[in-house]
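The values are calculated or read from the model by the stated rules, or taken from the named source; none is laboratory data. As the structure is a prediction and not an experimental result, all values here were calculated from the model. Cβ sites come from the backbone with ideal geometry, for glycine too, and all protein chains shown count toward neighbours. When the accessible area is computed, the model is the full protein with side chains, heavy atoms only, and any ligands, DNA or RNA have been set aside. Shrake-Rupley method; radii C 1.70, N 1.55, O 1.52, S 1.80 Å.
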Amino acid sequence: MFKVIDKIEKPYDENLTLVFQGKVEICPWLSEDNRKLIEKVMEKEEFNGEKNKKVKISFMEHGNLVTLTYVGCGKKEEFSKDDLREVLFKSLNGLKGTVLISSNEKELRDKEIYGEIVYNVNYSFDRYIESKSNKIDVDLFIENLENKDESLEKSLGEMVNFARNLVDEPANVINPETLALRAENLGKECGFEVEIFDEYRVAELGMEAFLAVARASKIRPRMIVMRYMGDKENKNIVGLVGKGLTYDTGGLCLKTADGMLEMKTDMGGAATVIGTMGALAKNKVKKNVVAVVAACENAIGSNAYRPGDIIKTMNGKTIEIINTDAEGRVTLADALTYIIREEKVTEVIDIATLTGGVMVALGTLNTGLFSNNDEMADKFLQASKNVGEKYWRLPLNKEYGELIKSNVADIKNSAGRWASSITASKFLEEFVEGKPWIHLDIAGTAYLNSDGKWLKKGATGVGVRTIFNYVINK
Ligand code: BES
Ligand code: MN
Ligand code: ZN
């Protein structure tokens with residue numbers, strides 16, 4: 001799918017050359033006649049390397065048909081890594097067969113970005129339809145590139161796409177049981193340990209909050225625990241918690257039909273932590289990471305938990321249920337307690353499609369980031385810049401904590417619409433026992449309804465790349 005090469009040895013179906021605006025240099029190894037041809041076509045098309053403009057020329061060279069595309073990248077001084085993503089996505093999307101990409105410009109040498117976009121272009125969720133979309137095989141030719149090993153790009157691309165596929169699969173395919181099996185198989189393939197807890201073991205641990213949310217569904221919950229210890233001597237363990245609602249009907253506070261439609265994606269956080277574990281293990285990263293998913297379905301039924309119920313959590317705090325649709329935080333409360341107390345993690349990142357409120361605040365571009373620890377948050381934001389994902393930190397003033405106080409329990413699970421992504425975070429903060437913690441609200445970024453600048457619509461796998469980068473740079 002993606003290879004970095006140092007010699008061009010075969011003909012390709014498509015040849016892309018990325019050029020900046022200005023005088024375009026034409027491949028010196030072509031025949032005199034063909035170089036003239038290219039020059040004339042560029043002149044006629046008035047092509048100067050402007051951003052998102054291209055010229056595509058086919059001609060015969062040594063008895064072979066060659067198709068060459070010059071892709072404009074715009075002005076060198078204004079060019080950003082995101083521009084490279086966008087230009088690559090637009091020029092690769094829709095191609096088929098073998099593709100050679102070459103560029104001599106030193107600003108265009110980030111092989112990570114080429115790998116990212118190739119895997120992105122090749123991802124599609126077409127298992128259930130007859131017309132499959134095209135896949136491309138890309139060779140990247142950059143002269144004198146020091147590190148030509150593409151295994152990191154490949155494994156990240158594969159694991160991001162693995163996560164995307166879990167999210168795109170509907171809830172009649174991915175349920176707590178099958179999600180656990182997928183994690184188990186990935187663990188075998190990549191080399192991390194997976195332990196699955198059934199509801200009886202979960203009950204023994206005292207995770208009554210998680211079980212309350214899970215109660216009405218015919219498909220029983222699973223807690224998925226994944227361990228990757230790449231540095232056994234070190235006592236630091238990064239904890240990852242992913243929201244794993246394989247479907248969210250809203251429970252008795254039932255969602256509308258429109259609101260429910262996308263709720264197969266409510267295990268997006270779980271998909272991200274599973275994919276991240278795969279990437280860490282595949283790359284034999286020398287760090288310790290434990291991930292936990294409390295997987296269940298928020299269903300309706302005579303057995304469902306109700307508004308007004310008071311529920312005890314694993315750490316002893318009680319929750320008044322105001323709204324059964326604010327279920328994610330209820331499951332995460334116990335997952336956080338479990339990972340801190342039983343797995344002894346030294347810091348924790350949770351990732352969850354948690355609130356509609358974060359979409360009101362940030363739309364689909366930025367993931368909401370919340371943290372009780374500035375140093376950890378800064379490191380995470382730096383990691384996100386390294387890989388090109390976007391996060392925006394939102395505040396956690398203690399005043400917001402007042403809003404989740406309850407008259408009948410220690411806290412309540414909903415404080416209404418105002419600042420709802422923040423009050424949801426204050427709720428989670430109650431369960432992190434002072435450990436350095438980051439909460440990522442991916443409700444807006446896990447799944448797109450229309451194409452982004454370089455992301456196809458559907459699941460995005462957001463978080464895999466940044467969490468991976470954060471862990472390796474610790
Ligand atoms: N899973 C949803 C949040 C969500 C909304 C994710 C849209 C992706 C797209 C969550 O469980 C939820 O229902 N949140 C509600 C809570 C409210 C009813 C208290 C919300 O934020 O609107
Ligand atoms: Mn909900
Ligand atoms: Zn939910």
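Checking region 106-122 against the condition returns no match, with no residue being closer than 30 Å to Arg164 by Cβ, among the hydroxyl-bearing types (Ser, Thr, Tyr) and modelled with pLDDT under 95. Across region 250-260, the number of residues qualifying as within 10 Å of ligand 1 (Cβ to nearest atom) and either outside any loop (DSSP other than H, G, I, E, B) or surrounded by fewer than 19 Cβ atoms within 10 Å (Cβ to Cβ) (or both) comes to 3. Taking the conditions (1) touching a residue at least 24 places away in the same chain (Cβ under 8 Å); (2) part of a loop (DSSP other than H, G, I, E, B); (3) open to solvent by 20 Å² or more (accessible area, probe 1.4 Å) in turn, Lys90 satisfies each one other than (2).
Given the conditions (1) within 16 Å of ligand 2 (Cβ to nearest atom); (2) open to solvent by 20 Å² or more (accessible area, probe 1.4 Å); (3) touching a helix residue (DSSP H, G or I) at 6+ places or on another chain (Cβ under 8 Å), and given that Gly242 satisfies all but one, which numbered condition is not satisfied? The one condition Gly242 does not meet is (2). Among the residues of region 84-92, not a single one is touching an Asp or Glu at 6+ places or on another chain (Cβ under 7 Å) and more than 22 Å from Glu14 (Cα to Cα). Filtering region 399-441 to residues that are within 16 Å of ligand 3 (Cβ to nearest atom), assigned to a helix (DSSP H, G or I) and open to solvent by 10 Å² or more (accessible area, probe 1.4 Å) leaves only Ser420. Among the candidates Ile274, Ile224, Ile310, the residue that is assigned by TED's automatic domain parsing to the domain that holds Ile351, open to solvent by 10 Å² or more (accessible area, probe 1.4 Å) and away from ligand 2 (no atom under 16 Å from the Cβ) is uniquely Ile310.
The residues of region 245-289 that are aliphatic (A, V, I, L, M) and without any contact (Cβ under 8 Å) to a residue 24 or more places away in the chain, listed by number, are Ala257, Met260, Leu261. Checking region 394-409 against the condition returns a match, with at least one residue being touching a Leu at 6+ places or on another chain (Cβ under 9 Å), assigned by TED's automatic domain parsing to the domain that holds Val273 and not small (Gly, Ala, Ser).
Going by the structure shown, is Gly239 assigned to a strand (DSSP E or B) and either acidic (Asp, Glu) or modelled with pLDDT of 95 or more (or both)? Yes; evaluated as a whole, the condition is true for this residue. Checking Thr265, Thr256 one by one, the residue that is among the polar types (S, T, N, Q), outside the structural domain of Tyr119 (by TED's automatic domain parsing), within 16 Å of ligand 2 (Cβ to nearest atom) and touching a helix residue (DSSP H, G or I) at 6+ places or on another chain (Cβ under 6 Å) is Thr265 and no other.
Residue pairs whose Cβ atoms lie under 6 Å apart, separated by 6 or more positions or on different chains, with the first residue in region 318-345 and more than 16 Å from ligand 2 (Cβ to nearest atom) and aliphatic (A, V, I, L, M) and the second part of a helix (DSSP H, G or I) and open to solvent by less than 10 Å² (accessible area, probe 1.4 Å), are Val345/Ile339. Taking region 322-393 as the region of interest, the helices (runs of 4 or more DSSP H) fully inside it that hold 3 or more residues being surrounded by 22 or more Cβ atoms within 10 Å (Cβ to Cβ), assigned by TED's automatic domain parsing to the domain that holds Val464 and more than 13 Å from ligand 3 (Cβ to nearest atom) are 328-341. Within region 59-71, residues that are surrounded by 11 or more Cβ atoms within 10 Å (Cβ to Cβ) reach partners that are among the basic types (Lys, Arg) with beta carbons closer than 7 Å, at six or more positions or on different chains, in the pairs Thr67/Lys56; Thr69/Lys54; Thr69/Lys56; Tyr70/Lys54; Val71/Lys54.
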